[in-house]
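The structure under discussion appears below in the form of structure tokens.
What follows draws every value from the coordinates through simple rules; no lab data is involved. Note that the structure is a prediction, hence the values are computed from the model and not measured. Positions of Cβ are generated from backbone atoms using ideal geometry, with glycine treated the same way; all protein chains shown enter the neighbour counts.
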Amino acid sequence: MPQRLGVFGGTFDPPHRGHLAVAVAARERLGLDRVLLVVANDPWKKSPERSVTPAADRLALVEALVRGADGQALPGLVASDLEIRRGGASYTVTTLRELAEAHPGAEMFLIIGRDLVDEFASWHESTEIERLATIVVVDRPGYSAAVKRGWISLPVEPVDVSSTELRDQLRAGRDVSAHLTPAVMAEVRARNLYRVGASA
Ligand code: ATP
């Protein structure tokens, strides 16, 4: 049986329960061997608009996310530093090519939120992305774009949260424990991110 590999890329600034719900649902419902949560080194669509948290910090947060509540890794979920090691702007097509080379014969599934459906055509070499992987679109509250022929639409339990909201709430000193796992919150504090101090 060829390996079934989920590729879930993001800025993860910070990673939240919405991301976790997507990764877990995709792995279980599509029978994936692994879901790689690929942390963007330089998210080229976002970085001109705002300052993005350093990649090493965001990777540590995603590692905390997949570590699970009791320090036991969540089965099949892997924090990937592939794009960080490559450096530069993070293009999904390059990531898929590298993964195809590293895992010959693997069947790849690129998981994206429904908010990204309309912009997908503007991604670097989007036709090649579609050739390399099956596109899986997960529901995201507030978005309803239809999927293209050949893509998979995967309903997931709605988790109405975005990293942008969470950054704002953290900076305002609000309690975001409903949206961040305890391990991620601990890492945010330890690294003094989003101006949340170690003693805060
Ligand atoms: P930001 O608010 O900073 O733009 P974000 O919350 O959209 O960030 P990203 O790291 O950009 O998070 O998202 C990575 C992937 O996760 C994308 O495919 C996005 O569509 C998806 N995603 C993010 N949040 C959710 C959510 N609440 N439900 C479903 N999918 C989500």
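If amide H atoms are built 1.01 Å from N in the plane of the peptide, which residues on other chains or at least 5 residues away come under 5 Å of the amide H of residue 44?
Amide H to amide H, under 5 Å and 5 or more residues apart or across chains, residue 44 pairs with 90.
What's the FRET efficiency of residue 52 with residue 152 using the Cβ-Cβ distance as r and R₀ = 41 Å, to the nearest 0.05?
On the way: r = 29 Å, r/R0 = 0.71.
Working from the Cβ atoms, E equals 0.90.
Tell me, 144, 90, 163 in order of fewest to most beta-carbon neighbours within 10 Å? Intermediate results must be reported in sequence, preceding the final value.
Numbers: 144 8, 90 25, 163 20.
Taking fewest neighbouring Cβ atoms as first place, the list is 144, 163, 90.
Quick one: order 7, 156 by neighbouring beta-carbon count within 10 Å, fewest to most. Each step should come with its number before you reach the end.
On the way: 7 26, 156 19.
Ordered by Cβ neighbours within 10 Å, fewest first: 156, 7.
Give me 44, 123 ranked fewest to most by other Cβ atoms within 10 Å of their Cβ, as a rough exposure proxy.
Working: 44 14, 123 18.
Ordered by Cβ neighbours within 10 Å, fewest first: 44, 123.
On C-alpha positions alone, give me the angle between the axis of helix 92-102 and the longest principal axis of the chain, in degrees, nearest 10.
Computed tilt is about 70 degrees.
Using the Karplus curve 6.51 cos²θ - 1.76 cosθ + 1.60 with θ = phi - 60°, what ³J(HN,Hα) values do you get for each residue of segment 23-32, in whole Hz, with x for Gly and Pro?
Result, ordered by residue: 5, 5, 5, 5, 4, 5, 7, 9, x, 7 Hz.
Taking H as built 1.01 Å from N, whose amide H comes closer than 5 Å to the amide H of residue 79, not counting residues under 5 places away?
37
Report ³J(HN,Hα) in whole Hz for each residue of segment 124-140, in order, from the Karplus equation J = 6.51 cos²θ - 1.76 cosθ + 1.60 where θ = phi - 60°; Gly and Pro get x.
Going residue by residue, I get 3, 6, 4, 5, 5, 4, 5, 6, 7, 9, 7, 8, 10, 9, 9, 5, 9 Hz, with x marking Gly and Pro.
Per DSSP H run of at least 4 residues, take -39500 (n - 2.57); add these up for the chain, divide by its residues and hand me the 222 nm value, nearest 500 deg cm²/dmol.
On the way: 7 runs with 67 residues, N = 200.
Only helices count here, giving -9500 deg cm²/dmol.
Residue by residue through segment 55-60, which ³J(HN,Hα) values in whole Hz follow from phi under the Karplus form 6.51 cos²θ - 1.76 cosθ + 1.60 (θ = phi - 60°), with glycine and proline marked x?
4, 4, 5, 5, 5, 4
Placing +1 at every Lys and Arg Cβ and -1 at every Asp and Glu Cβ, with all other atoms neutral, what dipole size does the chain have around its Cα centre, in debye to the nearest 20?
On the way: 24 positive and 26 negative charges, 43 e Å.
Approximately 200 debye in magnitude.
Find the centroid of the Cα atoms in segment 110-152 and in segment 16-42, then give the distance between the two in whole Å.
First find each Cα centre; the distance between them is then 15 Å.
Ratio of alpha-carbon Rg to the 2.2 N^0.38 Å globular estimate for segment 1-67, to two decimals, please. Mind showing how you got there, number by number?
Working: Rg = 13.0 Å, N = 67, 2.2 N^0.38 = 10.9 Å.
For segment 1-67, the normalised Cα radius of gyration comes out at 1.20.
If I stretch the segment between residue 98 and residue 143 completely, what's the gain in nm (0.36 nm per residue apart, minus their alpha carbon distance), one decimal?
Numbers: separation 45, 0.36 × 45 = 16.20 nm, distance 3.07 nm.
Length gained between residue 98 and residue 143: 13.1 nm.
Any idea what the alpha-carbon Rg over 2.2 N^0.38 Å comes to for segment 39-189? Intermediate results must be reported in sequence, preceding the final value.
Numbers: Rg = 16.4 Å, N = 151, 2.2 N^0.38 = 14.8 Å.
Ratio of Rg to 2.2 N^0.38 Å for segment 39-189: 1.11.
Relative to the present Cα-Cα distance, how much length would full extension add between residue 169 and residue 124 at 0.36 nm per residue of separation?
Contour length minus Cα-Cα distance gives 13.0 nm.
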